[in-house]
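Participant: Mind looking over this structure? Questions follow.
The values are calculated or read from the model by the stated rules, or taken from the named source; none is laboratory data. Everything numeric here is computed off the predicted structure, so don't read it as measured data. Ideal geometry is used to build each Cβ from the backbone, glycine not excepted, and the neighbour counts take in all protein chains shown. When the accessible area is computed, the model is the full protein with side chains, heavy atoms only, and any ligands, DNA or RNA have been set aside. Shrake-Rupley method; radii C 1.70, N 1.55, O 1.52, S 1.80 Å.
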Amino acid sequence: MFSLFYVLLLVVFSISKSASSSSIHDNFLKCLSTHSNQSPEIPIYIPNTSSYSSILQSSIQNQRFLSSTTPKPQLIVTPLHDSHVQASVICCRKYGLQLKVRSGGHDYEGLSYTSDVPFVVVDMANIRSVDVDVEDGSAWVQVGATLGEVYYNIAEKSRTYGFPAGTCPTVGVGGHFSGGGYGALVRKFGLAADNIIDARLVNAKGEILDKKSMGKDLFWAIRGGGGGSFGIVLSWKIKLVPVPQTVTVFRVNRNLEQGATALVHKWQSISHTLPRELFIRVFMGRANNTINASFQTLYLGKSKQLLNVMKQSFPELGIKSSDCAEMSWIQSALYFADFPANGPVNLLLNRTQMTTRFFKAKSDFVTEPVSETGLKGIWIRLYEADEPLIILSPYGGRISEIGESEIPYPHRDGYIYEIQHLVYWDKEGIEVANKNINWMRMFYRYMAPYVSKSPRAAYINYRDLDLGQSRNGTATYSQARAWGVKYFNKNFKTLVQVKSKFDPDNFFRNEQSIPTVPA
């Protein structure tokens, strides 16, 4: 065991070759212990121990990053207390270690748990309490909590409050809120980050700051500026939003023979103009040798009202009373997560994704409807990949009213909908991976004439390394503009200024992080 630690820690920590293995090990653990304020012992996992692999794989959602060739962390820390996070920052900085932070593991490119240099993962899964204050209309949410846990805890206290975040319950709030957080309530209440009213964060010095002590610039940056660039958020204070006791959902499918092309074309023109209580998104993919468009809807009201709106605004879809289901908002969270709407609400507490697959994703934003000719070109290309999926999510309403510099997330007025491009596959291997990733890149090129330009906008929570990356987060300002302007538009420059002020040594970094500029 002594010799194992010698080899492991010498490689991991890259400390002076003259140091003995015992001193490296003892000093690092002593550092963690010293700075954890005598709280419970910090759980630490090293390779070749029985629980290391299970901890590492526990929340990895993209099987592309489960291969034997994917770089693995040399150490995993799973804090139980705020002081453990502080100690991890202080000691990683002292020993020159690259630090990555993971909350839910949904990072599309795996940057929260992979790196191109030796690194340590701080996995926040154990720091996950949700404290709901119904009288105040708010909640303190620790960053290791999942969206499902947030929704469950809100519903435990009140059936007339909700929160506008994503529809996948296993997503961790740490990264989701940091990048904006888009969901089915976005047209009524905006993004998750638009509804954050306070936060607690560990900075590069290991200090814990709140909204007041971090100042308005840093508080601005962490609400949409992407995770991993400014510090480790410990918890968010969120403003709960009112939801009616009854909401209505429907999901109807239309294939090409049923007029899917014309229906999607019409949807593009009206989805952002509908009452803000109505959210209709579209899933497009292959099914039974044809193209299928699935229209999935949440309406904050009763079915009779929804049917009236649909009859007036989108009669072509042919929605009938039998297509609609009335339920509570928390049941709609189950419904959108593909659980039975009348199932037990505690299904939302399951932190493990039901299925994990290989996938590659990209994003786009649209300012004017894609022509029917353009849509037909999409249909042709959807036949060429293993399992492609295109998701169209509407804008308009509250998200479009908020100024583009109110928080770092800039995609607001002028955009009519957002696109998530996905392709899935199930076989392991370089050949099948290259086939599908190359298809995605080809499809992305095809979409260029139909989407936003100068810049071609992208969503940081659908991270895409094809837009550019740097080794170990060392990009210059001009290099980082390749992806930074696409994610943040004019806000990128401000984010760089905040980063340079609060983390001038660029301690918090990843392959697509916000860079610093020389003082």
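Participant: I'd like the full set of residues that are surrounded by fewer than 20 Cβ atoms within 10 Å (Cβ to Cβ), in contact with a helix residue (DSSP H, G or I) (Cβ under 7 Å, 6 or more places away or on another chain) and assigned to a strand (DSSP E or B), limited to segment 187-221.
Facilitator: 198, 208
Participant: Turning to a different aspect of this structure: Name the residue, out of 23, 39, 58, 53, that is open to solvent by 20 Å² or more (accessible area, probe 1.4 Å) and at pLDDT below 60. Please lay out each step first, then the result.
Facilitator: Values: 39 fails: at pLDDT below 60; 58 fails: at pLDDT below 60; 53 fails: at pLDDT below 60.
Answer to the selection: 23.
Residue by residue, here is whether (1) touching a strand residue (DSSP E or B) at 6+ places or on another chain (Cβ under 7 Å); (2) of a type in the set (A, V, I, L, M, F, W, C); (3) farther than 30 Å from residue 467 by Cβ holds:
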residue: 301; (1), (2), (3): yes, no, yes
residue: 324; (1), (2), (3): yes, yes, yes
residue: 339; (1), (2), (3): no, yes, yes
residue: 343; (1), (2), (3): no, no, yes
residue: 408; (1), (2), (3): no, no, no
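Participant: Now for a separate question. Tell me which residues, restricted to segment 106-131, are closer than 29 Å to residue 162 by Cα, outside any loop (DSSP other than H, G, I, E, B) and either among the hydrophobic types (A, V, I, L, M, F, W, C) or without any contact (Cβ under 8 Å) to a residue 60 or more places away in the chain (or both).
Facilitator: Within segment 106-131, 130, 131 meet the criteria.
Participant: Now for a different question. Find the residue count for segment 420-452, including only residues that are open to solvent by 10 Å² or more (accessible area, probe 1.4 Å), part of a helix (DSSP H, G or I) and of a type outside the set (S, T, N, Q).
Facilitator: Total meeting the criteria: 15.
Participant: May I pose another question? I'd like to verify a number: residues in segment 47-98 that are out of contact with any Phe, Trp or Tyr (no Cβ under 7 Å at 6 or more places or on another chain) and farther than 30 Å from residue 355 by Cβ, how many?
Facilitator: 13
Participant: Follow-up question, since we're still on this one. Where the second residue is part of a strand (DSSP E or B) and open to solvent by less than 10 Å² (accessible area, probe 1.4 Å) and the first is within 17 Å of residue 71 (Cβ to Cβ) and among the charged types (D, E, K, R) and lies in segment 89-100, which pairs have Cβ atoms under 8 Å and are six or more apart or on separate chains?
Facilitator: Final answer for the pair search is 100/119; 100/120; 100/121; 100/122.
Participant: If I ask for residues that are open to solvent by 30 Å² or more (accessible area, probe 1.4 Å) and charged (D, E, K, R), which ones from segment 459-488 would you list?
Facilitator: 466, 471, 481, 486
Participant: Restricting to segment 144-181, give me the number of residues that are under 15 Å from residue 199 (Cβ atoms) and open to solvent by 20 Å² or more (accessible area, probe 1.4 Å).
Facilitator: 2
Participant: Same structure, new question: Within segment 394-408, can you find the residues that are within 20 Å of residue 223 (Cβ to Cβ) and open to solvent by less than 10 Å² (accessible area, probe 1.4 Å)?
Facilitator: Passing the criteria: 395, 399, 407, 408.
Participant: Being surrounded by fewer than 16 Cβ atoms within 10 Å (Cβ to Cβ) and touching a residue at least 24 places away in the same chain (Cβ under 8 Å) is the filter here; which residues of segment 498-510 pass it?
Facilitator: Across segment 498-510, the qualifying residues are 501, 505.
Participant: Of 224, 228, which residue is open to solvent by 20 Å² or more (accessible area, probe 1.4 Å), at positive phi and not in a strand (DSSP E or B)?
Facilitator: Just a single option satisfies the conditions, and that option is 228.
Participant: List every residue pair whose Cβ atoms sit under 6 Å apart, with the two residues 6 or more apart in sequence or on different chains, where the first one lies in segment 145-173 and is of a type in the set (Val, Ile, Thr) and the second, anywhere, is modelled with pLDDT under 95 and open to solvent by less than 10 Å² (accessible area, probe 1.4 Å).
Facilitator: Close Cβ pairs satisfying both conditions: 146/104; 171/104.
Participant: With buried (at least 16 other Cβ atoms within 10 Å of the Cβ), closer than 20 Å to residue 394 by Cα, in contact (Cβ under 8 Å) with a residue 60 or more places away in the chain and out of contact with any helix residue (DSSP H, G or I) (no Cβ under 7 Å at 6 or more places or on another chain) as the only criterion, which of 235, 332 stands out?
Facilitator: Selected residue: 332, the only one of 235, 332 that is buried (at least 16 other Cβ atoms within 10 Å of the Cβ), closer than 20 Å to residue 394 by Cα, in contact (Cβ under 8 Å) with a residue 60 or more places away in the chain and out of contact with any helix residue (DSSP H, G or I) (no Cβ under 7 Å at 6 or more places or on another chain).
Participant: Taking the stated definitions as given, is residue 241 at pLDDT 95 or above, open to solvent by less than 10 Å² (accessible area, probe 1.4 Å) and within 30 Å of residue 304 (Cβ to Cβ)?
Facilitator: yes
Participant: Test residue 456 against the stated conditions and say whether it is of a type in the set (Lys, Arg), part of a loop (DSSP other than H, G, I, E, B) and either touching a His at 6+ places or on another chain (Cβ under 8 Å) or crowded, with 20+ Cβ neighbours inside 10 Å (or both).
Facilitator: no
Participant: Next question, about the same structure. Output the number of the condition that residue 309 fails; it satisfies all remaining conditions of (1) more than 27 Å from the chain's Cα centre (by Cα); (2) under 30 Å from residue 197 (Cα atoms); (3) not in a loop (DSSP other than H, G, I, E, B).
Facilitator: Looking at each condition in turn, residue 309 falls short on (2).
Participant: Going by what's in this entry, would residue 509 be described as basic (Lys, Arg) and either in contact with a Lys or Arg (Cβ under 8 Å, 6 or more places away or on another chain) or under 30 Å from residue 380 (Cβ atoms) (or both)?
Facilitator: In short, no.
Participant: Please work out which one of (1) more than 24 Å from residue 420 (Cβ to Cβ); (2) touching a Pro at 6+ places or on another chain (Cβ under 8 Å) is the condition residue 334 fails and give its number.
Facilitator: (1)
Participant: If you check residue 298 against the conditions, is it closer than 18 Å to residue 164 by Cβ and either touching a Leu at 6+ places or on another chain (Cβ under 6 Å) or modelled with pLDDT of 95 or more (or both)?
Facilitator: It is true that residue 298 is closer than 18 Å to residue 164 by Cβ and either touching a Leu at 6+ places or on another chain (Cβ under 6 Å) or modelled with pLDDT of 95 or more (or both).
Participant: Within segment 102-118, is there a residue that is of a type in the set (Lys, Arg) and buried (at least 24 other Cβ atoms within 10 Å of the Cβ)?
Facilitator: Yes, some residue in segment 102-118 is of a type in the set (Lys, Arg) and buried (at least 24 other Cβ atoms within 10 Å of the Cβ).
Participant: Separate question: Kindly indicate the residue of segment 355-378 that is open to solvent by less than 10 Å² (accessible area, probe 1.4 Å) and not small (Gly, Ala, Ser) and also nearest to residue 60 (Cα to Cα) among those meeting that condition.
Facilitator: 360
Participant: Residue 364: of a type in the set (Asp, Glu), at pLDDT 95 or above and under 22 Å from residue 466 (Cα atoms), yes or no?
Facilitator: Considered against the rule, which asks whether it is of a type in the set (Asp, Glu), at pLDDT 95 or above and under 22 Å from residue 466 (Cα atoms), residue 364 comes out as yes.
Each row is one residue, and each column tells you yes or no for (1) surrounded by fewer than 21 Cβ atoms within 10 Å (Cβ to Cβ); (2) touching a strand residue (DSSP E or B) at 6+ places or on another chain (Cβ under 6 Å).
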| site | (1), (2) |
| --- | --- |
| 256 | yes, yes |
| 272 | yes, yes |
| 280 | no, yes |
| 288 | yes, no |
